[in-house]
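Q: I'd like to ask you about the structure that follows.
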Amino acid sequence: MELVAERAPFVLDAFAFAFGAVVGSFLNVVIARLPAGESLVSPGSRCPRCKTPIAWYDNVPILAWLWLRGRCRSCGLPISIRYPVVELLVAVLAVAVERKFGPSGAALGFFAFTAALVALSYIDLDTWLLPHEITWPLIALGLLSPLWNPSLRFADSAIGAAAGAGFFAAIALFGEKVLKRETMGWGDVYLLGGIGAWLGWQSLLAVVLFSAVQGSIVGALLLWLKRSRGDEPGRPAKDKKAAAAGAKGAVAASDDDWVPPPHAVPFGPFLALAALEQMLIGAVVQDAWVGLMERLWG
């Protein structure tokens, strides 16, 4: 009996890891195709360089990239390391969710939430867009999440969605109407609304705080690195337009010529990171934060 009990966690971890890797492989398709307005199901997996269809045995998550040494079997050109990184990241997060919530409906629900956050993060890093094809369903499913997450009440979910979206919407409208410039993308508005729906209004303050602190640290570091190497131009506007074709939600149409400054980073990945931290290790992070503030301010 003890041997069976010892094996059970390993079996669950292994299943979660494999399942997460497969989902991560699909997310690579979402990240590449959704911003370009392409179908997610047809054609099947293909080399991003030569467009040759990839055989099933060359499409095994993580392992295929390794045994092919990061190159396409057909054309021999390199395939980005991002593909196995996304698969490995989602696999590890799947294990973390399984260990946090056990084999339950809540675990499945929160894994779907996690997968959406990963996809949104990478799309935002590539295009500075958070497509509403993901953010809107994220809000809708979050409002239904108390059905499989008994620790969250419907009222807390609804208040979280309204408060999260409302807070960032106020910042966005203030920038548009008063400052006459973009201060907050509307994709970030919907994303925080979705986070509030999934985690409840009680988590919003921590998520906003953690994302702002971590984003500021990374932004300051990138600015320092750019300055140490000299000023560099931002991404050409035409490249941004091409990447954003078919995606909507983060930047208004009048901002088509906007080019991110060299030191800028999109905010969506930091919101996603903070949401995952709050979901998986919220109590630990908050205790560490309070302890740090106590030491700094006495």
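The values are calculated or read from the model by the stated rules, or taken from the named source; none is laboratory data. Quick caveat: nothing in here was measured; it's all calculated off a predicted structure. Don't worry about glycine lacking a Cβ; one is built from the backbone with ideal geometry, like all the others, and counts go over all protein chains shown.
Q: State which residue pairs qualify: first residue surrounded by 10 or more Cβ atoms within 10 Å (Cβ to Cβ) and inside segment 274-296, second residue in a helix (DSSP H, G or I) and of a type in the set (D, E, K, R) in any location, beta carbons under 7 Å apart, and separation of 6 or more residues or different chains.
A: Leu280/Lys100; Val285/Glu277
Q: Does at least one position in segment 86-96 carry a residue that is among the charged types (D, E, K, R) and without any contact (Cβ under 8 Å) to a residue 60 or more places away in the chain? I'd like the intermediate steps shown before the answer.
A: Start the filter on segment 86-96 by keeping residues that are among the charged types (D, E, K, R), which leaves 87.
From what is left, the residues that are without any contact (Cβ under 8 Å) to a residue 60 or more places away in the chain are none.
No, there is no match, as no residue in segment 86-96 is among the charged types (D, E, K, R) and without any contact (Cβ under 8 Å) to a residue 60 or more places away in the chain.
Q: Restricted to segment 265-298, and to residues that are in contact with a Gly (Cβ under 7 Å, 6 or more places away or on another chain) and part of a loop (DSSP other than H, G, I, E, B), which residue is modelled with the lowest pLDDT?
A: That would be Val265.
Q: Working only within segment 79-97, note down all residues that are within 12 Å of Val118 (Cα to Cα) and among the polar types (S, T, N, Q).
A: Passing the criteria: none in range.
Q: Right, here's the next one. Any idea which of (1) part of a loop (DSSP other than H, G, I, E, B); (2) in contact with a helix residue (DSSP H, G or I) (Cβ under 8 Å, 6 or more places away or on another chain); (3) under 27 Å from Ile134 (Cα atoms) is the one Pro35 doesn't satisfy?
A: If we test Pro35 against (1) part of a loop (DSSP other than H, G, I, E, B); (2) in contact with a helix residue (DSSP H, G or I) (Cβ under 8 Å, 6 or more places away or on another chain); (3) under 27 Å from Ile134 (Cα atoms), just (1) comes out false.
Q: Something else: Does Pro146 satisfy the condition of being surrounded by fewer than 23 Cβ atoms within 10 Å (Cβ to Cβ) and of a type outside the set (Phe, Trp, Tyr)?
A: yes
Q: Go through segment 57-71 and give me each residue that's over 28 Å from Glu133 (Cα atoms) and not small (Gly, Ala, Ser).
A: If the condition is that a residue be over 28 Å from Glu133 (Cα atoms) and not small (Gly, Ala, Ser), then Tyr57, Asp58, Leu63, Trp65, Leu66, Trp67, Leu68, Arg69, Arg71 are the ones that fit.
Q: Is it fair to say Ala155 is in contact (Cβ under 8 Å) with a residue 12 or more places away in the chain and among the aliphatic types (A, V, I, L, M)?
A: Values: in contact (Cβ under 8 Å) with a residue 12 or more places away in the chain: no; among the aliphatic types (A, V, I, L, M): yes.
Against the criterion (in contact (Cβ under 8 Å) with a residue 12 or more places away in the chain and among the aliphatic types (A, V, I, L, M)), Ala155 does not qualify.
Residue by residue, here is whether (1) assigned to a helix (DSSP H, G or I); (2) surrounded by fewer than 22 Cβ atoms within 10 Å (Cβ to Cβ); (3) out of contact with any Lys or Arg (no Cβ under 8 Å at 6 or more places or on another chain) holds:
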| residue | (1), (2), (3) |
| --- | --- |
| Pro150 | no, yes, yes |
| Asp156 | yes, yes, yes |
| Ala161 | yes, no, yes |
| Leu173 | yes, yes, yes |
| Lys177 | yes, yes, yes |
| Ile217 | yes, yes, yes |
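Q: Name the single residue, out of those in segment 72-114 being among the hydroxyl-bearing types (Ser, Thr, Tyr) and part of a helix (DSSP H, G or I), that is surrounded by the fewest Cβ atoms within 10 Å (Cβ to Cβ).
A: Across segment 72-114, the extreme among qualifying residues is Tyr83.
Q: Oh, and also: Kindly provide the set of residues from segment 28-59 that are surrounded by 20 or more Cβ atoms within 10 Å (Cβ to Cβ) and in contact (Cβ under 8 Å) with a residue 60 or more places away in the chain, ordered by number.
A: Correct list: Val30, Ile31, Leu34, Pro35.
Q: OK, next. Only one of (1) assigned to a loop (DSSP other than H, G, I, E, B); (2) in contact (Cβ under 8 Å) with a residue 12 or more places away in the chain fails for Val189. Which number is that?
A: (1)
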